[in-house]
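The values are calculated or read from the model by the stated rules, or taken from the named source; none is laboratory data. Model, not experiment: these values are computed from the prediction. Counting neighbours? That spans all protein chains shown, and the Cβs are built from the backbone with ideal geometry, glycine included. With ligands, DNA and RNA removed, areas are computed over all heavy atoms of the protein, side chains included. Shrake-Rupley method; radii C 1.70, N 1.55, O 1.52, S 1.80 Å.
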Amino acid sequence: MTQRPTQAVILAGGQGTRLRPYTDDRPKPMVEIPGTGVPIIGHQLAWLAAEGVTDVVVSCGHLAEVLSDWLATTTLPSPASGALSDEPGAGGPSPLRVSVVIETEPLGRGGGLKYAAASLPRPDEPWYATNGDIWTRFRLREMAAFHTERDAVATIALARPRIPWGAVETNEFGQVLDFIEAPPSPYLVNAGVYVFSSSFTGLLPDRGDHERTTFPRLARQRRLAGFPLPQGAYWRAIDTAKDLTEAARELREGPVRG
């Protein structure tokens, strides 16, 4: 039987240097998607709540007080509703519970993840994690089922982003056949969303990058799974000002689907 995670960690400690000047006065997850009036982390919390998550730990570093102040003045969504508002009471009687942990010194991605996971309310249960700069919609329940079916310790969501350049198709004689604008990448990439079994926390380094230590070790043991995002699922990493512009355009063109 699949045990669906009901707790999650959001890694929100990055400085977001490539998003300056937007990140001069706020952490990267607090940058607003143009046209929505809601920061990236607001979209993430609404998504997690809609997927049945009841408790979230946010790991902060750079300008953590800005994020803490926003959380203190925002009515959080109720689990399975996904409603987010700045009006008192809009989240219902049992809003999403969000706590903040602050890294006083850099621990690296793996160390920061372990530090935040120590504050999860149910350490003996599985949990989700997401990078703080990811805007996506897909069924986390399906990813959790995939994780359980493969008896994985960790499962990584995999996306196929579009190449930011136009591609040129040629034949074996070097003759140009066609030009393809921003085609999908032939490779899957780490989408920055994860499902972890409870035992995963103890495998994380106290300092350093788990993607260079823990993940390769699990891959060798065949205990690391990769969940391709479903066809049509929305996914975008917000790394630059251009990503913000593209996200706003995609939102105008149609609803973000999950």
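What to note about this one:
- Hits in the stretch 164-197 (condition: of a type in the set (Ser, Thr, Tyr), open to solvent by less than 30 Å² (accessible area, probe 1.4 Å) and outside any loop (DSSP other than H, G, I, E, B)): Tyr194
- Failed condition for Asp151, given (1) open to solvent by less than 50 Å² (accessible area, probe 1.4 Å); (2) at pLDDT 85 or above; (3) at positive phi: (1)
- Residue tally, condition at pLDDT 75 or above, in contact with a Lys or Arg (Cβ under 8 Å, 6 or more places away or on another chain) and open to solvent by 10 Å² or more (accessible area, probe 1.4 Å), over the stretch 1-41: 3
Rundown of residues vs (1) touching a Leu at 6+ places or on another chain (Cβ under 7 Å); (2) open to solvent by 50 Å² or more (accessible area, probe 1.4 Å); (3) of a type in the set (Val, Ile, Thr); (4) under 18 Å from Leu67 (Cα atoms), yes/no style:
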site: Thr104; (1), (2), (3), (4): no, yes, yes, yes
site: Gly111; (1), (2), (3), (4): no, no, no, no
site: Ala118; (1), (2), (3), (4): no, yes, no, no
site: Asp124; (1), (2), (3), (4): no, yes, no, no
site: Arg139; (1), (2), (3), (4): no, yes, no, no
site: Met143; (1), (2), (3), (4): no, no, no, no
site: Phe146; (1), (2), (3), (4): no, no, no, no
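- Lone qualifier among Gly232, Gly202 - being exposed (fewer than 13 other Cβ atoms within 10 Å of the Cβ), under 18 Å from Arg137 (Cα atoms) and out of contact with any Pro (no Cβ under 9 Å at 6 or more places or on another chain): Gly232
- Boolean, Gly112 is part of a strand (DSSP E or B), touching a residue at least 12 places away in the same chain (Cβ under 8 Å) and not hydrophobic (A, V, I, L, M, F, W, C): no
- Meets criteria (at pLDDT 90 or above, assigned to a helix (DSSP H, G or I), under 25 Å from Pro29 (Cβ atoms) and of a type in the set (A, V, I, L, M, F, W, C)) for Ala157: no
- Any hit, the stretch 126-143, residues being modelled with pLDDT of 75 or more and more than 19 Å from the chain's Cα centre (by Cα): no
- Restricting the stretch 55-69 to residues that are assigned to a helix (DSSP H, G or I) and more than 19 Å from the chain's Cα centre (by Cα) leaves a set whose member that is farthest from Glu103 (Cα to Cα) is Asp69.
Per-residue answers, yes or no, for (1) surrounded by fewer than 17 Cβ atoms within 10 Å (Cβ to Cβ); (2) touching a Gly at 6+ places or on another chain (Cβ under 7 Å); (3) under 29 Å from Arg4 (Cα atoms):
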position: His43; (1), (2), (3): no, no, yes
position: Ala49; (1), (2), (3): no, yes, yes
position: Val57; (1), (2), (3): no, no, yes
position: Leu63; (1), (2), (3): no, no, no
position: Leu67; (1), (2), (3): no, no, yes
